[in-house]
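Student: This is the structure, below, for whatever I ask next.
What follows draws every value from the coordinates through simple rules; no lab data is involved. Because the structure is predicted, anything quoted here is derived from the model rather than measured. Counting neighbours? That spans all protein chains shown, and the Cβs are built from the backbone with ideal geometry, glycine included.
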Amino acid sequence: MRVVLALLTLFTSFQVSVAGIPDRIYGVNLGSWLLLEAWMLPQEWLNMGGQQCNDCSQCIASEFAFAQAYPKTVDGIFDKHWSTWFTQDDINQLKENGINTVRIPLGYWIVEPLVDRKTEFFPRGGIKQLKRGLQQLRDAGIAAILDHHALPGVQTAGQMFTGRCTNDVEFYTDYNYHRALIWTAVMTALSHLDPDFGSVFAIEAVNEPIMDATQTPGYGDFQKNFVRVIRAVELTLGVSVPGVQFSFDIQTSNFTAALATVANSNSNPSNIFTPEVKSVLLDTIPVLLEMGIELSLGSIFKFNLASARSNREPLVTNFMDVNWQHNSPPNPADAAIGPQGYDNHLYYSFGVNLLHIDY
């Protein structure tokens, strides 16, 4: 990285140990790796072909604007950035400085089948770079949080971290909530099925939504569905979830077939498999099939239930703390099923961010 990671994230100690995660973890955000924010690398952004302006919606100051401006070259330019911004040397330096956890900001477009290429413009190929980086982090013993930093439709106006600087905020709709939940199901499946994702222990639902809860209709229901989708995928895999006494009798070693079986089942264990969750699972199947071929990931098509049960812990579902929003916001604690964590972005002098884990 050509810019030292600016935000140091200190984590409280775990109440219960999780496989592969130290009792006390120290981490950083991998800022501007797979989700580029031009203010973090101003000269490199200009060298890539980007622009700087006071209003980031009025120039090439986001990934969306860049891909729209350079449709024929964007993939190659970003692949070079991804390959050089975060390398084995960076991982070695993190390790040497006592960092044992990273938070990886991601855009929804890293799951490429979710992108409407007629109206949405983003670079392709990030998923392979994520897989590469996670493998290197795993080999170094560094744990990872997958942070859904930029949501379908944009979750906050005028911010580079959403991937598109715009005042047209459309995340808080049924259509985009659904797309975000498919993203969640895909990342959950990869975290359990792909050995390169073996260091992933948490998935964050949304980075910094609109702070006024009156402007985020349906967000509380999305929080609950986010947790349900993760647990539904895990239960399908046979991963034990604390507080959930249920397992499916699945007679197949094909994961996508198992998802179809569960989604078409009439059962509703522990209020997890709601109609929306089942719809998400069905819509996840073709996405996973496409990505399984792209990533040459045979475990998407064939998995070992016994191995899943014995070797995998449930992921930590992660949210912004309830204090992030005002005007009677939904409390993500109401959505918890199994281990859950909360970000507290205090932002005094851009100092300390905290993550608290409950079990």
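Student: What do you get when you divide the Cα radius of gyration of the chain by 2.2 N^0.38 Å, with N the number of residues?
Tutor: So the chain has a normalised radius of gyration of 0.94.
Student: Select from 98, 31, 163 the residue whose mean-square fluctuation is largest in a Gaussian network model of the chain (Cα-Cα springs shorter than 10 Å).
Tutor: Largest GNM mean-square fluctuation: 98.
Student: I would also like to ask the following. Taking 0.36 nm per intervening residue step and subtracting the Cα-Cα distance, what contour gain separates residue 69 from residue 173 on full extension?
Tutor: Difference between extended and current length: 34.7 nm.
Student: Here's something else I'd like to know. Please list 74-86, 195-207 highest first by mean number of surrounding beta-carbon atoms within 10 Å per residue.
Tutor: Packing order, densest peptide first, comes out as 195-207, 74-86.
Student: Excluding residues on the same chain fewer than 8 positions from residue 72, give the lysines whose Cα lies under 22 Å from its Cα.
Tutor: Excluding near neighbours in sequence, the set is 80, 118, 128.
Student: What order, most packed first, do the peptides 87-94, 165-172 have when packing is the mean number of other Cβ atoms within 10 Å of each residue? Display every interim value, and only then the final one.
Tutor: Values: 87-94: 14.8, 165-172: 17.1.
Highest to lowest by the protection proxy: 165-172, 87-94.
Student: Still on this structure, please answer the following. Using Cβ counts within 10 Å as a stand-in for footprinting exposure, how do 148, 326 rank, fewest first?
Tutor: Values: 148 24, 326 10.
Exposure proxy ranking, most exposed first: 326, 148.
Student: Would you look at the GNM of the chain, springs on alpha carbons closer than 10 Å, and say which of 211, 187, 291 moves the most?
Tutor: In the Gaussian network model the winner is 211.
Student: Here is a follow-up. Short version: ³J(HN,Hα) in whole Hz for each residue of segment 44-53, in order, from phi by Karplus 6.51 cos²θ - 1.76 cosθ + 1.60 (θ = phi - 60°), x for Gly and Pro, what are they?
Tutor: 4, 4, 5, 5, 6, x, x, 9, 10, 7
Student: Roughly how big is the chain's charge dipole about its Cα centre, with Cβ charges of +1 (Lys, Arg) and -1 (Asp, Glu), in debye to the nearest 20?
Tutor: Roughly 660 debye, rounded to the nearest 20.
Student: Which of the listed residues, 91, 274, 41, is farthest toward the dipole's positive end in the chain, when Lys, Arg count +1 and Asp, Glu count -1 at the beta-carbon?
Tutor: After comparing all options, I get 91.
Student: Under a straight-distance cross-link criterion of Cα-Cα below 14 Å, which aspartates and glutamates are reachable from residue 131, leaving out those fewer than 8 residues away in the same chain?
Tutor: Hits, sequence-local ones excluded: 79, 139, 194, 196, 294.
Student: Distance between the C-alpha centers of segment 174-242 and segment 108-143? Whole Å please.
Tutor: Here the two parts' Cα centres lie 16 Å apart.
Student: Over the chain, with a Gaussian network built from C-alpha contacts below 10 Å, which listed residue (244, 287, 277) shows the highest mean-square fluctuation?
Tutor: Residue with maximal mean-square fluctuation among 244, 287, 277: 244.
Student: Farthest toward the dipole's positive end in segment 116-184, which of 153, 176, 126, given Cβ charges of +1 (Lys, Arg) and -1 (Asp, Glu) about the Cα centre?
Tutor: Positive-most Cα among the choices belongs to 126.
Student: Another one. Just to be sure I understand the model, the point goes 7 Å from the Cα along the line to the Cβ. What's the resulting residue 282 to residue 55 distance in nm?
Tutor: Placing both labels 7 Å beyond Cα along the Cβ direction yields 4.4 nm.
Student: While we're here: Output wanted: per-residue J couplings in Hz (rounded whole) for segment 236-246, from phi through Karplus 6.51 cos²θ - 1.76 cosθ + 1.60, θ = phi - 60°, x for Gly and Pro.
Tutor: 4, 7, x, 6, 6, 10, x, x, 10, 9, 7
Student: Label points 7 Å out from Cα along the Cβ direction at residue 347 and residue 289: separation in nm?
Tutor: Inter-label distance under the simple model: 4.4 nm.
Student: Under the definition of Cα pairs under 8 Å and six or more residues apart, what whole-number percent is the relative contact order of the chain? Could the numbers behind the result be given before it?
Tutor: Numbers: 663 pairs, mean separation 65.5, N = 359.
Reported relative contact order: 18 percent.
Student: Return the long-range amide H neighbours of residue 345 (sequence gap of 5 or more, or a different chain), with a cut-off of under 5 Å between placed amide H atoms.
Tutor: Sorted by chain and number, the residues that satisfy this are 321.
Student: So how do 73, 284, 119 line up by other beta-carbon neighbours within 10 Å, fewest first?
Tutor: Ascending number of Cβ neighbours within 10 Å: 119, 73, 284.
Student: Still on this model: Give the cross-link partners of residue 278 among the lysines, using a straight C-alpha distance below 26 Å as the criterion and excluding same-chain residues fewer than 8 apart.
Tutor: Straight-distance partners of residue 278: 224, 302.
Student: Would you mind checking which residues have amide H under 5 Å from residue 147's amide H? H placed 1.01 Å from N; only 5 or more apart, or other chain.
Tutor: Sorted by chain and number, the residues that satisfy this are 104, 106, 204.
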